[in-house]
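Written out below as structure tokens is the structure these notes cover.
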Amino acid sequence: MDEYPLLVAERIGKHFGGLRALQGVSLSLGEKTITGLIGPNGAGKTTFFNVLTGIYKPDEGTVHFAGAPLPSGKPHRVAERGIARTFQNIRLFSQMTVLENVMVGRHLRTRAGLLGALFKTAGTLREEQAIRDRAFQLLEFVGIAAHATRVAATLSYGDQRRLEIARALATDPRLLALDEPAAGMNAMERKRLGGLLEQIRNMGTAVLLIEHDVRWVMGLCDRITVLDHGERIAEGTPREVQTDLRVIEAYLGTSRSVTA
Amino acid sequence: MKGVSCRWLVLGGAALILLPFALELLLGNGWVRIVDFALLYVLLALGLNIVVGYAGLLDLGYVAFFAVGAYVYALLNSPQWGLHWPIWIALPAGALLAACFGVLLGAPTLKLRGDYLAIVTLGFGEIIRIFLNNLDSPINITNGPQGIELIDSLHFGSLSLGQMHHVLGLRIPAVVNVYYLFLVVVVLGMVFSHRLERSRIGRAWAAIREDEVAAASMGLNTRNLKLLAFAMGASFGGLSGGLFAGFQGFVSPESFTLQESVMILCMVVLGGMGHIAGVVLGAMLLAILPEALRAAGDWEQMVFGRIWVDPSNLRLLLFGMALVLMMLRRPGGLWPSNARRNELQGQ
């Protein structure tokens, strides 16, 4: 974290009617890091993700990415700036093939327009081939290239999660934001996913992930932020967070509520 | 493999070229005319398929674009304004203006989906029709409910498609000339639809149809892509409208009612949303079936020996029954796309 941070979110606040989903949450992360965002159910993790990726506009606070403010309320502009995400309840283009899903991810970094499509110009055909090649490469990288021609909805749960990662990587992100990527995976699959994420980090893409399995996160992440009731209650290395009293309280309850 | 498909292409092409002569011989000129109109419906259905089938935006006012194209051609080629422009300007102008109207309709409806979008588009279709009906005062633009008459027939320079021609001793009546023009346009429409579907843009439309939030998060500018879908679909409608005006020689607001929009949507849904071959089949079938059912009265007379139900009512009754039966037997359309078939089997 010595380098200047890639992402700086400052004092983010978001409420829905009377419900304060986020209050003064700050988070910063550097390049080549894996950062974990943990917290009990309803802590505001996904809301924070949605603010970060432009799906929600924050009521307070600012987000800077790579040194410039991030547009809010415009998911496609956020993706263009280099943040790609996956979703807690997998959102694939379920009736398209596995390969096509990843090809959609290349849309952002390619140009072919209407006339190119209608008249099948040489440039368009070349670009289309490049899109296909890159998409296939990414499927190989996440290990599901064998299923390239299948309809996405027919993949197993774990493979769907990996397809979402491949699709996100296709946008050439500088930050990959994963909302519970390991949900529903067994220990073996988790281990493989952890390896994949470390590989992604080492290739130069920062990773931010929401997770419930605290032990898995502790082993994987460089730094961890803990949310509870829409507020940040701890931030630090896995070791620091693990021994933080407020974190223990949030996860296990206070001594009073335990006895009650 | 390549040789086989090539042979089919030649055979199919020959059949399509000979079709009007066969129809003329066997069933008379009236049927060539019916097929001409069916081809215009195919073009409309292909256009609506871009909006509904590819981008997943329900549009119940599609006939408005048909109307815009028809009136542009009519105004540029009739005594109404005293203009007689060549069709290579009048037809693209109609398509272009229709595309602009597509964007105009698209812009305020971007946040709407499904039922809500359908209602707004329905309203839009009616607004256009009512405008056409009332733009005869204070300045007379559209001639109101009387419509525009004496529209020049489709022509290339001095070659008019509205007259009989003799080629190598063969009589080629106007309806056959027009058939060939429409056939060429429809084939082009199919090729362009196919290319759009398989392109980067088509893939983006499919992604928006499947999951708009995910599509936006992957960096797709959903606003521009939806507007593009509306504009592309509308331009097909506008082109079809121009051809319609030139063929029919007369346009009035009556031709552009909600019922037409519903009919075109039926063609797309019944044929197989998002699947070009299905949409073409659906359009041909629904355009021709009501005409074929004109013989219903004769059948009734033949079977029962007398007329029980008024033939025109019987015709509509049979048509409605055919629609219901087709939808029950084949919920994904007569010839659905692969994706659609998977979806229905999955559920």
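Considering each residue of segment A:137-158, count those that are in a helix (DSSP H, G or I) and open to solvent by less than 30 Å² (accessible area, probe 1.4 Å), and give that number.
Step one: list which residues in segment A:137-158 are in a helix (DSSP H, G or I), which gives A:137-142, A:145-147, A:152-154, A:157-158.
Going one step further and asking which of them are open to solvent by less than 30 Å² (accessible area, probe 1.4 Å), we end up with A:138-139, A:142, A:145, A:152, A:158.
Number satisfying all stated conditions: 6.
Within segment A:39-79, the only residue that satisfies the criterion of being at pLDDT 95 or above and among the small types (Gly, Ala, Ser) is A:ALA79. Flag: A:ARG106 does not match the condition of being open to solvent by 50 Å² or more (accessible area, probe 1.4 Å), within 14 Å of another protein chain (Cβ to nearest Cβ) and at pLDDT 95 or above.
So that you can scan it fast, the table gives a plain yes or no per residue for (1) closer than 16 Å to B:GLY125 by Cβ; (2) open to solvent by 20 Å² or more (accessible area, probe 1.4 Å):
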| position | (1), (2) |
| --- | --- |
| B:THR257 | yes, yes |
| B:SER261 | yes, no |
| B:LEU270 | no, no |
| B:GLY274 | no, no |
| B:ALA277 | no, yes |
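Filtering segment B:119-140 to residues that are in contact with a Leu (Cβ under 9 Å, 6 or more places away or on another chain) and over 14 Å from B:ALA64 (Cβ atoms) leaves only B:ILE119.
A single entry from B:LEU40, B:LEU60 fulfils the requirement of being open to solvent by 30 Å² or more (accessible area, probe 1.4 Å), of a type in the set (A, V, I, L, M) and within 18 Å of B:ALA99 (Cα to Cα): B:LEU60.
State whether one or more residues within segment B:73-92 are closer than 23 Å to B:THR257 by Cβ, in contact with a Ser or Thr (Cβ under 9 Å, 6 or more places away or on another chain) and crowded, with 22+ Cβ neighbours inside 10 Å. Explain how you work it out, then say what you get.
Step one: filter segment B:73-92 for residues closer than 23 Å to B:THR257 by Cβ, giving B:73-75, B:78, B:80.
Okay, now just the ones that are also in contact with a Ser or Thr (Cβ under 9 Å, 6 or more places away or on another chain), so B:74-75, B:80.
Filter once more, so that each one left must be crowded, with 22+ Cβ neighbours inside 10 Å: B:74-75.
So far as segment B:73-92 goes, yes, one or more of its residues are closer than 23 Å to B:THR257 by Cβ, in contact with a Ser or Thr (Cβ under 9 Å, 6 or more places away or on another chain) and crowded, with 22+ Cβ neighbours inside 10 Å.
Tell me yes or no: at least one residue of segment B:276-296 is away from chain A (no Cβ under 14 Å), in a helix (DSSP H, G or I) and over 30 Å from B:GLY69 (Cβ atoms).
Initially, segment B:276-296 is screened for residues away from chain A (no Cβ under 14 Å), giving B:276-296.
When the remaining residues are screened for being in a helix (DSSP H, G or I), the result is B:276-296.
Now restrict to residues that are over 30 Å from B:GLY69 (Cβ atoms): B:295-296.
Yes, there is a match, as at least one residue in segment B:276-296 is away from chain A (no Cβ under 14 Å), in a helix (DSSP H, G or I) and over 30 Å from B:GLY69 (Cβ atoms).
Within segment A:136-165, being polar (S, T, N, Q) and within 14 Å of chain B (Cβ to nearest Cβ) holds for A:THR149, A:THR154, A:GLN160. Number of residues in segment A:211-231 that are open to solvent by 50 Å² or more (accessible area, probe 1.4 Å) and in contact (Cβ under 8 Å) with a residue 60 or more places away in the chain equals 5.
The residues on offer are B:GLU254, B:GLU210, and the sole one that is under 24 Å from A:ALA84 (Cβ atoms) and either within 14 Å of another protein chain (Cβ to nearest Cβ) or not β-branched (Val, Ile, Thr) (or both) is B:GLU210. Just to be sure before I move on: is A:ALA168 in contact with a strand residue (DSSP E or B) (Cβ under 7 Å, 6 or more places away or on another chain), within 14 Å of chain B (Cβ to nearest Cβ) and not aromatic (Phe, Trp, Tyr) in the structure I sent? Yes; evaluated as a whole, the condition is true for this residue. The residues in segment A:16-38 that are modelled with pLDDT of 90 or more and either hydrophobic (A, V, I, L, M, F, W, C) or open to solvent by less than 20 Å² (accessible area, probe 1.4 Å) (or both) can be counted, and the count is 13. Residues in segment A:81-96 that are at the interface with chain B (Cβ under 8 Å from one of its Cβ atoms) and free of Cβ contacts under 8 Å to residues at least 60 places away in the same chain: A:PHE93, A:SER94, A:GLN95, A:MET96.
Restricting to segment A:109-127, what's the tally of residues that are open to solvent by 20 Å² or more (accessible area, probe 1.4 Å) and either of a type in the set (S, T, N, Q) or over 21 Å from A:GLU164 (Cα atoms) (or both)? First the steps, then the outcome.
Of segment A:109-127, the ones open to solvent by 20 Å² or more (accessible area, probe 1.4 Å) are A:109, A:111, A:113-115, A:119-127.
Right, trim to either of a type in the set (S, T, N, Q) or over 21 Å from A:GLU164 (Cα atoms) (or both) and you get A:111, A:113-115, A:119-127.
Matching residues across segment A:109-127 total 13.
Please verify whether A:ARG167 is out of contact with any Asp or Glu (no Cβ under 8 Å at 6 or more places or on another chain) and surrounded by 24 or more Cβ atoms within 10 Å (Cβ to Cβ), treating the condition exactly as stated. If you could, list the steps in order and put the result at the bottom.
Values: out of contact with any Asp or Glu (no Cβ under 8 Å at 6 or more places or on another chain): yes; surrounded by 24 or more Cβ atoms within 10 Å (Cβ to Cβ): yes.
It is true that A:ARG167 is out of contact with any Asp or Glu (no Cβ under 8 Å at 6 or more places or on another chain) and surrounded by 24 or more Cβ atoms within 10 Å (Cβ to Cβ).
Counting only helices (runs of 4 or more DSSP H) that sit completely within segment B:1-104, those holding 1 or more residues that are in contact (Cβ under 8 Å) with a residue 60 or more places away in the chain and of a type in the set (Gly, Ala, Ser) correspond to B:29-49, B:63-76.
If the condition is being closer than 20 Å to B:LEU258 by Cα and in contact with a Gly (Cβ under 6 Å, 6 or more places away or on another chain), then segment B:93-116 contributes only B:ALA98. Looking across segment A:164-221, just one residue is over 20 Å from A:PRO5 (Cα atoms), outside any helix (DSSP H, G or I) and in contact with a Pro (Cβ under 8 Å, 6 or more places away or on another chain), and that is A:GLU211.
Can you give me the number of residues within segment A:114-125 that are touching a helix residue (DSSP H, G or I) at 6+ places or on another chain (Cβ under 7 Å) and either facing chain B (nearest Cβ under 7 Å) or of a type in the set (Val, Ile, Thr) (or both)? Steps first, please.
Here is the first cut: in segment A:114-125, the residues touching a helix residue (DSSP H, G or I) at 6+ places or on another chain (Cβ under 7 Å) are A:114, A:116-118, A:120, A:123-124.
Those left that are additionally either facing chain B (nearest Cβ under 7 Å) or of a type in the set (Val, Ile, Thr) (or both): A:114, A:117-118, A:120, A:124.
Adding up the residues that qualify gives 5.
Restricting attention to segment A:42-52, does a residue exist that is out of contact with any Asp or Glu (no Cβ under 7 Å at 6 or more places or on another chain), of a type in the set (Val, Ile, Thr) and assigned by TED's automatic domain parsing to the domain that holds A:VAL226? The answer is yes; a qualifying residue exists.
Of all residues in segment B:181-201, count the ones that are more than 7 Å from chain A (Cβ to nearest Cβ) and assigned to a helix (DSSP H, G or I).
Result for segment B:181-201: 14.
Checking each residue of segment B:228-247 against the condition of being free of Cβ contacts under 8 Å to residues at least 40 places away in the same chain, within 14 Å of another protein chain (Cβ to nearest Cβ) and not in a loop (DSSP other than H, G, I, E, B) gives at least one match.
Of the residues B:ILE127, B:ILE151, B:ILE172, only one is surrounded by fewer than 16 Cβ atoms within 10 Å (Cβ to Cβ) and more than 14 Å from chain A (Cβ to nearest Cβ); which? Lay out the reasoning, then the answer.
Working: B:ILE151 fails: surrounded by fewer than 16 Cβ atoms within 10 Å (Cβ to Cβ); B:ILE172 fails: surrounded by fewer than 16 Cβ atoms within 10 Å (Cβ to Cβ).
Step by step, each of B:ILE127, B:ILE151, B:ILE172 is checked, and only B:ILE127 is surrounded by fewer than 16 Cβ atoms within 10 Å (Cβ to Cβ) and more than 14 Å from chain A (Cβ to nearest Cβ).
The values are calculated or read from the model by the stated rules, or taken from the named source; none is laboratory data. Small disclaimer: the values here were computed from a predicted structure and weren't measured. Using ideal geometry, Cβ is built from the backbone for each residue, glycine included, and neighbour counts are taken over all protein chains shown. These accessible areas exclude ligands, DNA and RNA; they are computed on the full protein's heavy atoms, side chains included. Shrake-Rupley method; radii C 1.70, N 1.55, O 1.52, S 1.80 Å.
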